[in-house]
Each structure stands twice: as structure tokens, then as C-alpha cells.
Amino acid sequence: MPVAAAEWLADTLPNARLSVFGDAGHAPFVSRAQECAALIESFALD
């Protein structure tokens, strides 16, 4: 997803959060699994 589109969504959707992973490739949940899991966990517990 283009970052500009993600920024628009984050600004438009209530309670949205945006995190951008540089150099993560197409599937950051695979290449940056621990960081993605931490973000999901913090969102779920908030």
C-alpha cells in the first residue's frame, strides 16, 4: 500500500494507528514478525 494511502486511512478511520516498516518487503508480518506482533498486542490491549 502506498504510504500516502495508509496515512489517509489513519487520518480517516476512528482509532486507527499507522506504523510504517522500512525495508520490510511485502509481508512485514513474516520479515518483521516480532515488531508486528508487538503492535497488534498493544492495539488489542489498549
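The values are calculated or read from the model by the stated rules, or taken from the named source; none is laboratory data. What you see is a predicted model, and the numbers here were worked out from it, not measured in a lab. Every residue, glycine as well, gets a Cβ built from its backbone with ideal geometry; the counts of neighbours run over all protein chains shown.
Data table
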read-out: Asp46 being modelled with pLDDT of 90 or more, more than 12 Å from the chain's Cα centre (by Cα) and among the acidic types (Asp, Glu); value: no
read-out: Pairs where the first residue, in the stretch 25-40, is without any contact (Cβ under 8 Å) to a residue 24 or more places away in the chain and the second is in a loop (DSSP other than H, G, I, E, B) and of a type in the set (D, E, K, R), C-beta under 8 Å, 6+ apart; value: Leu39/Arg17
read-out: Residue within the stretch 14-31 that is acidic (Asp, Glu) and at pLDDT 90 or above present; value: no
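Per-residue answers, yes or no, for (1) out of contact with any helix residue (DSSP H, G or I) (no Cβ under 9 Å at 6 or more places or on another chain); (2) on the phi > 0 side of the Ramachandran plot; (3) loosely packed, with under 11 Cβ neighbours inside 10 Å; (4) part of a loop (DSSP other than H, G, I, E, B):
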residue	(1), (2), (3), (4)
Ala5	yes, no, yes, no
Trp8	yes, no, no, no
Pro14	yes, no, yes, yes
Ser19	no, no, no, yes
Gly22	yes, no, yes, yes
Gly25	no, yes, yes, yes
Gln34	yes, no, yes, no
Leu39	yes, no, no, no
Ala44	yes, no, yes, no
